[in-house]
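The values are calculated or read from the model by the stated rules, or taken from the named source; none is laboratory data. Keep in mind that what you see is a predicted model, and the values were worked out from it rather than measured. Quick reminder, even Gly has a Cβ in these numbers, built from the backbone with ideal geometry, and neighbours come from all protein chains shown. The area values use the complete protein model at the heavy-atom level, side chains included, leaving out ligands, DNA and RNA. Shrake-Rupley method; radii C 1.70, N 1.55, O 1.52, S 1.80 Å.
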Amino acid sequence: GACVEVAVEALPGIAHDGVRRALHQYIDRTLAGHEERVAELLLAFDPETARPVLRSLAGLRREQAAAALARVARSRNPALRCEAIAHAAKSPDELRDELMQLAEGDDPELRSAALRTLAAHKVRAAGPLLVKRASDPSFQGLSAAEQREILDALFALHPPRAESLAIELVQKHGIMP
């Protein structure tokens, strides 16, 4: 039982793809029954490292796995939180709705994390909402980093639409940083 925890704990330090793949296969086979402890370990991970383990948790379809995902979804790390929310979603629509809600919330860090997660999970249905955000006059009041985050997400999901929107923005407001 403790072996799966050792495997998960080792993940952040493993640079070799083959070794990491073998660890993930082992984790997949032995995760059931250890979800809570694994979730605890994931709280210290960056989203890239956590993503495959979160995917494994989501694949278990066990109550304990759902509880573990919910725990990571309450993390103080916005990026990790969004990643867990994405994996906990029961449908693509739920994933889109949950993350778009965060992407429009008050916390700028959480907004950025939600946008990056929408792009990483290729939630194309978020495209129209991103276009609306970028076309809204309030867009000009956002930090350059957040403007870039919105446009990056749009470019990841709809490159032609993002390009035409970027041209419109430059014509209307001049070059952006």
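Points worth noting:
- Hits in segment 116-174 - residues which are more than 14 Å from the chain's Cα centre (by Cα), buried (at least 18 other Cβ atoms within 10 Å of the Cβ) and either on the phi > 0 side of the Ramachandran plot or among the basic types (K, R) (or both): R133
- Selection from segment 111-138 of residues that are farther than 20 Å from S164 by Cα and outside any helix (DSSP H, G or I): H121
- Residues considered: A39, A73. Of these, the only one that is buried (at least 19 other Cβ atoms within 10 Å of the Cβ), without any contact (Cβ under 8 Å) to a residue 24 or more places away in the chain and closer than 26 Å to K122 by Cβ is A73.
- Single residue of segment 12-31 satisfying the filter (over 20 Å from L43 (Cβ atoms) and of a type in the set (A, V, I, L, M, F, W, C)) that is surrounded by the fewest Cβ atoms within 10 Å (Cβ to Cβ): A15
- Any hit, segment 8-16, residues being under 18 Å from the mean Cα position of the chain (by Cα), in a helix (DSSP H, G or I) and of a type outside the set (K, R): yes
- Filtered by the rule that a residue be open to solvent by less than 60 Å² (accessible area, probe 1.4 Å) and without any contact (Cβ under 8 Å) to a residue 24 or more places away in the chain, segment 48-70 gives A66, A70.
- In segment 90-107, residue farthest from I150 (Cα to Cα) [restricted to those that are over 14 Å from the mean Cα position of the chain (by Cα) and open to solvent by 80 Å² or more (accessible area, probe 1.4 Å)]: K90
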